[in-house]
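In what follows, a structure is listed as structure tokens, so that the remarks can point back to it.
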Amino acid sequence: MRLLEIRNLHVCLPEGSERAHAVEAVDLDLAPNEILCIVGESGSGKSLTARAVMGLLPKPHVRVVDGTIEMDGEDLVSASDARMRDIRGSAISMIFQEPMTALNPVMSIGDQIDEVFRFHVSMGRRERRERALALLEDVHLPDPEYIMRAYPHELSGGQRQRAMIAMALALDPKILIADEPTTALDVTTQAQILKLIKEMQAAHNTGVLFITHDFGVVADIADRVAVMQFGKLVETGTADEVLNNPRHPYTQALIAAVPSLTPRPPRGQSAQPVLQIDSLIKTFRSGGGILGFGGGERIVKAVDDVTLELRRGETLGIVGESGSGKSTVARCIVRLVDADSGRILLNGTDLNGLGRAEMRPFRSSIQMMFQDPFASLNPRTRVGKIIMQGPLLQGVPATEAQAKARELLSIVGLDDRAYDRFPHEFSGGQRQRIGIARALALDPDVLVADEPVSALDVSIQAQILKLLDEIRERMSLSMIFITHDLRVAAQVCDRLAVMRNGEIVETGATAEVFKDPQASYTKELLAAVPGQNWRSA
């Protein structure tokens, strides 16, 4: 018995696109109580395949032009809009990648779940409320009464994702589509969400179409795997067949790019510190309002007495979940925010407390790479000028700055034509290369990389990590590398500092921390890494 049969599916792209079809000649089946993982890089067509099933393609420019999508003998491609509205939520539900975008920001969670019931079933208000509370309990949300009244912005990322799962399962759908539901989550929250999806699937005998580019997740939950490249299905099989004996070169390349959990051999270390952080404290305050309106003041100690040392030529990783304080430490180091107290010694000079004018000469010595290169690059400025801006502000002559920009574009693997193009004309991986070039334009002693590869596909991620390693060796850079991906940390970092609730709970050589973690929190992080029993472990 099959819940879903996709045959010869073709989804067209607008005229002038890189290729004619986003999805081309795809055949897929989904059975009850089965998890089928669709994997591939950005642009492979996996998400548009899922949206075609839901009838959520951005018509008329992107639409199904050939093929069938059958559920219980009914072709969803030819179904009317009214019929698809009936099907969505009741027979097929979807969990989106970013719940903050998918949830209505001006409706409480309870009202949004209630809306599902009101639209699809005849049920009294009290019964709808009881069902909503039961759903929130089923997805293990604390204090369901509070969650019912809360708005999306009042919940954490993991809580929002759980609320979306509750909405998706409200009417016991036969098919659940999960589009990258754990990509933006911390490793421990990700493990909880994956466990929850498997529990819900088993309880409701649901078929799950799970879209991801994380092979660790695939190893943990998939029954079968379908691999897509450039809109085409290049390989299908059981999870064991695809993960452990891939046939197609593209699948082999994707799996080869997955970072191993075994830390790389330690490198020789310099004893000379280039950056010393001593007793750093940063507190954020919110609420209170004028004349007492707006509720009580909320005080969060984001960084609590953090002491770290970065040696010359070393890569120090700072790992931890969202809210642990690792990005705040980074922003304090480069003086994007001012610490309340403590010392930040760069080559012996305390940066904390320097005025804006006093800080300017030191800006060239410490540069930052951001998580989202598109948001951090000026969309109205050509790439060459973006790279030149730092040197020009430091008084470097224009001709010299221009030559440096072109040289750096070559170093990061982009050709000379990139100089006169705008950021939107590049892929995510290429934009991150531009971000690296901009950070290196001032020949810094220290590079602070804040989650620089978390938004990238696994193969692009491998390229950027290799590039950073080459540049570190070539330019004798010292690097602070912030990440929540312990696989990445294992391959990049010489030493690790583990943060939780603003505090450093453990530091040590990467291999030692992985082999014999001392803090219980570090043990929890390592235990939550997906795919540990797979070969990449």
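FYI, it's all coordinate maths here, none of it is from the lab. Because the structure is a prediction, the values reported are computed rather than measured. So basically every Cβ, Gly included, is an ideal-geometry build from the backbone, and we count neighbours across all protein chains shown.
Things worth noting here:
- Our helix-only sum for the chain, with -39,500 (n - 2.57) per DSSP H run of n ≥ 4 divided by its residues, gives a mean residue ellipticity at 222 nm of -11000 deg cm²/dmol.
- Dividing the mean sequence gap of close Cα pairs (under 8 Å, 6+ apart) by how many residues the range 97-172 holds gives a relative contact order of 47 percent.
- Antiparallel bridges, percent of DSSP beta bridges restricted to the chain (to nearest 5): 55 percent
- The packing ranking of peptides 37-47, 498-508, highest mean first, is 37-47, 498-508, where packing means the average number of other beta carbon atoms within 10 angstrom of each residue.
- When peptides 72-84, 130-142, 394-406 are sorted by average Cβ neighbour count within 10 Å, with the highest value leading, the order is 130-142, 394-406, 72-84.
- Largest first, the extents of the alpha carbon coordinates of the range 97-172 on the three principal axes equal 31, 22, 21 Å.
- Sorting 94-107, 203-216 by average packing, meaning the other beta carbons within 10 Å per residue, from highest down gives 203-216, 94-107.
- Cα-based Lys pair tally, the chain, threshold under 12 Å, eight or more apart or on separate chains: 5
- Nonlocal amide H pairs with VAL274, under 5 Å, H built at 1.01 Å: LEU310, ARG311, ARG312
- Sequence-separation-based contact order of the chain, relative, with Cα cut under 8 Å and 6+ spacing, percent: 16 percent
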